[in-house]
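The values are calculated or read from the model by the stated rules, or taken from the named source; none is laboratory data. Keep in mind that what you see is a predicted model, and the values were worked out from it rather than measured. We place every Cβ from the backbone using ideal geometry, glycine too, and count neighbours over all the protein chains shown. Side chains included, ligands, DNA and RNA excluded: accessible areas come from the protein's heavy atoms. Shrake-Rupley method; radii C 1.70, N 1.55, O 1.52, S 1.80 Å.
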Amino acid sequence: ETGVTQSPTHLIKTRGQQVTLRCSSQSGHNTVSWYQQALGQGPQFIFQYYREEENGRGNFPPRFSGLQFPNYSSELNVNALELDDSALYLCASSLAGRVNSPLHFGNGTRLTVT
Amino acid sequence: KNEVEQSPQNLTAQEGEFITINCSYSVGISALHWLQQHPGGGIVSLFMLSSGKKKHGRLIATINIQEKHSSLHITASHPRDSAVYICAAPYSGGGADGLTFGKGTHLIIQP
C-alpha cells in the first residue's frame, strides 16, 4: 500500500508566476483535498475532489484551481502568485466522498513566492 | 463555515504528566478528527470519532456531540509526544467537503 506523495517538496517562484503542485493519493482512495498552511497557522481548506469533480471549496479565489485524474491523483494550480501564497500546501486522500473516512496526508510542498 | 477553537495554544509539561487538549466547534458534525503534526510538516491522523471515546496506546480522545466539544488526552507523557496537535471538523458541518482546522496546540514534553 503506497501512501500519499506530493511533488515537488520545495519550490521557489516569483510573484505573478503560475505553479502546479501534484499529489498522488493513497491506493484505493478516490477523494483528494488540498490545504494551505501558512507559517504558525492551522491548515486552511482550499478544495476537495471526488471522482474528478470539485465537490467542496473553501474561501480561496478562482486563481486557485485543481484537477483530479482518473487514477485519482490530483493537481493544484495557482495563477498570478502573490507573496501571501507562500505556505506549505498539503493534500490528503480518503475513501468515498465524505469526511467521515480517515485521512492520509502527504508531507506537503513548501512554496516560497519572492 | 464551521469554526474550530483549540486550547491551549502552547503547553509545556514534564515527562509523565497527564495532558489534556480541548477543542470546540460551532456547527454540528458527523465526525471530528485529531491530527498530529511534527516539525517539517507531515500530518498523521490520530483519531476520527463521532461519539464517545476512542483509545490508542497512551492517547485517548473523547467527544460530546451535544456540547460540540472534544478532548485529546495523553497519559504518561513522553518527550517523543512533543508535536503540534490539531483538531479538525467538517468545513460545513457534514457532507462531502474538506475540513476546518483549529490553530493547533504546540506541546513540548520536557524530560
Accessible surface of the range A:20-114, 1.4 Å probe, proportion on carbon and sulfur as whole %: 49
Under 5 Å, built H, 5+ apart or other chain: amide partners of B:Asn2: B:Ser92, B:Gly93
Sites matching GluC sites (Glu not before Pro) across the range B:1-108 that sit in DSSP coil, with at most 10 neighbouring C-beta atoms within 10 Å: B:Glu67
Highest-fluctuation residue, A:Gly16, A:Gly66, A:Gly40 considered, GNM on chain A with Cα pairs under 10 Å: A:Gly40
Reachable aspartates and glutamates, given that their alpha-carbon falls under 16 Å from the alpha-carbon of B:Lys55 and they are not under 8 places away in the same chain: B:Asp81
Rg/Rg_ref, chain B, where Rg_ref = 2.2 N^0.38 Å and atoms are Cα: 1.02
For chain B, size of Cβ-based charge dipole, Lys and Arg +1, Asp and Glu -1, in debye: 220
Global size of the protein assembly as shown as Cα Rg and Dmax, reported in angstrom: 17.2, 51
For chain A, radius of gyration divided by Kirkwood radius, i.e. Rg to Rh on alpha-carbons: 0.95
Nitroxide proxy distance, nm - points 7 Å out along Cα→Cβ at B:His78 and B:Glu3: 3.9
Whole-percent carbon and sulfur share, accessible surface of chain B, 1.4 Å: 51
Per residue, in Å², the accessible surface of the protein assembly as shown once ligands and nucleic acids are set aside, probe 1.4 Å: 46
Rg/Rh for the range B:1-48, where both radii come from Cα atoms and Rh is the Kirkwood radius: 1.00
Separation of alpha-carbon centers, the range A:1-65 and the range B:33-72, rounded to whole Å: 23
Among B:Gln66, B:Gln14, B:Gln37, residue whose mean-square fluctuation peaks in a GNM of chain B (springs only between Cα atoms under 10 Å): B:Gln66
Averaged over A:102-111, number of beta-carbon atoms from partner chains that fall within 10 Å: 4
Local electrostatic count, A:Arg63, Cβ distance below 11 Å [Lys/Arg +1, Asp/Glu -1]: -2
